[in-house]
Amino acid sequence: MYKVVEHFISINGEGKRAGELALFIRFKGCNLTCSYCDTMWANREHTKFTFMNKEEIHNLIKESKVKNVTLTGGEPLLQDNMYELLEFISQDKSVNIEIETNGSVDIGTFSKLDNPPSFTLDYKLPSSNMEDLMYTNNYNYLKNSDVVKFVAGTKSDLDRAKEIIKKYDLTNKCHVYLSPSFEEITPAQIVEYMKENRLNDVKLQLQMHKFIWDPEERGV
């Protein structure tokens with residue numbers, strides 16, 4: 001059984017499929033408390049959730065008639081028996097499964113699935129206050145369909161992102177995105193940094209949904 005706090009259809013606000021329809025399934029709980037977290041409500045002890053089994057989740061996916069499915073949180077990989085769920089729903093080749101994971105959980109086991117999902121893997125930069133918990137062995141499992149995302153709030157964050165990108169040769173392994181922490185650093189500042197440092201094969205990413213709807217609105 002899996003703790004689902006919400007599910008909804010919207011556009012994907014970021015990542016490789018930004019602007020495309022997606023079914024979002026949000027699971028309860030996270031092991032990090034990032035300074036800029038915009039879904040802290042999903043991680044609280046008393047947050048209401050619905051228990052769903054793997055068959056119910058797959059039925060939800062099929063009934064949505066949306067082929068892009070994003071499993072998010074919280075931290076979805078902390079759910080008990082997540083491997084079993086992914087093994088079950090990944091048999092359906094008609095859907096694209098993406099997992100948004102916070103960078104602290106080992107993805108190695110899940111990469112061994114016959115039809116593994118794509119991962120959008122955060123690297124928590126210094127201003128998040130969670131950098132010490134990053135599990136960089138994950139970069140050994142990255143594939144071309146995966147993403148490493150850096151949410152930056154300061155120039156020091158950008159410097160650290162550049163260092164990590166180079167150290168782990170990320171642009172030759174997967175897609176790499178820089179994203180501004182909302183209202184803390186401007187997109188223009190990130191573009192200037194990219195120009196000054198010749199960050200080839202790195203993409204600027206904006207959280208599209210926060211420009212379309214109120215940044216605090218849920219279910220969008």
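Placing dummy labels 7 Å off each Cα toward the beta-carbon, the span from residue 50 to residue 9 is 1.5 nm. Would you compute the Debye intensity of region 116-182 from its alpha-carbon atoms alone, equal scatterers and no solvent, and pass along log10 I(q)/I(0) at q = 0.24 Å⁻¹ to two decimals? Taking Cα atoms of region 116-182 as identical point scatterers yields -1.08.
Computing Rg and the Kirkwood Rh from the Cα coordinates of region 152-201 gives a ratio, Rg/Rh, of 0.95.
In whole Å, how far is the Cα centre of region 36-92 from that of region 165-182? Between the Cα centre of region 36-92 and that of region 165-182, the gap is 26 Å. Of the beta bridges in the chain, as assigned by DSSP with both residues counted there, near 30 percent are antiparallel. Ligands, DNA and RNA aside, residue 147 has an accessible area near 0 Å² when probed at 1.4 Å. Modelled spin-label separation between residue 111 and residue 143, with each label point placed 7 Å from Cα along the Cα-to-Cβ direction: 1.0 nm.
Taking max minus min of the alpha-carbon positions on each principal axis, the chain gives extents of 50, 37, 31 Å, largest first. Label separation (residue 189 vs residue 88): 4.5 nm, computed from points 7 Å beyond Cα along the C-beta direction. Could you pull out which residues in region 192-208 have an amide N less than 17 Å from a spot 7 Å beyond the Cα of residue 155, following the Cα-Cβ vector? Backbone N within reach: 192-199.
Each residue was assigned an accessible area with a 1.4 Å probe, and for residue 95 the value is about 20 Å².
Under 16 Å from a label point 7 Å along Cα→Cβ of residue 62: give me every residue in region 1-40 with its amide N that close. Taking a point 7 Å out along Cα→Cβ of residue 62, no residue of region 1-40 has its backbone N under 16 Å. Across all Cα atoms of region 1-96, the radius of gyration (one decimal) and Dmax (whole number) stand at 13.2, 37 Å.
What do you reckon, how do 160, 44 stack up by accessible area (1.4 Å probe), largest on top?
Values: 160 65, 44 135 Å².
Order by accessible area, largest first: 44, 160.
Of 198, 26, the residue with the largest accessible area leads and the full order is 198, 26 (1.4 Å probe). For region 83-197, what log10 I(q)/I(0) values come out of the Debye formula at q = 0.10, 0.22, 0.24 1/Å, with one point per alpha carbon and no solvent? Relative scattering, expressed as log10 I(q)/I(0), comes to -0.33, -1.20, -1.36. Here the sum of -39500 (n - 2.57) over DSSP H runs of 4 or more residues, divided by the residues of the chain, equals -6000 deg cm²/dmol at 222 nm, to the nearest 500.
Applying a threshold of 22 Å to the alpha-carbon distances of 3/124; 54/173; 155/195 flags 3/124; 54/173 as lying beyond it. Heavy atoms of the protein chains alone define the surface here; on that basis region 1-40 has 41 Å² accessible area per residue at 1.4 Å probe size.
The values are calculated or read from the model by the stated rules, or taken from the named source; none is laboratory data. Quick caveat, the model's predicted, so the values are computed rather than measured. Please note: Cβ atoms are built from the backbone with ideal geometry, for glycine as well, and neighbour counts cover all protein chains shown. Accessible surface areas use protein heavy atoms only, side chains included; no ligands, DNA or RNA. Shrake-Rupley method; radii C 1.70, N 1.55, O 1.52, S 1.80 Å.
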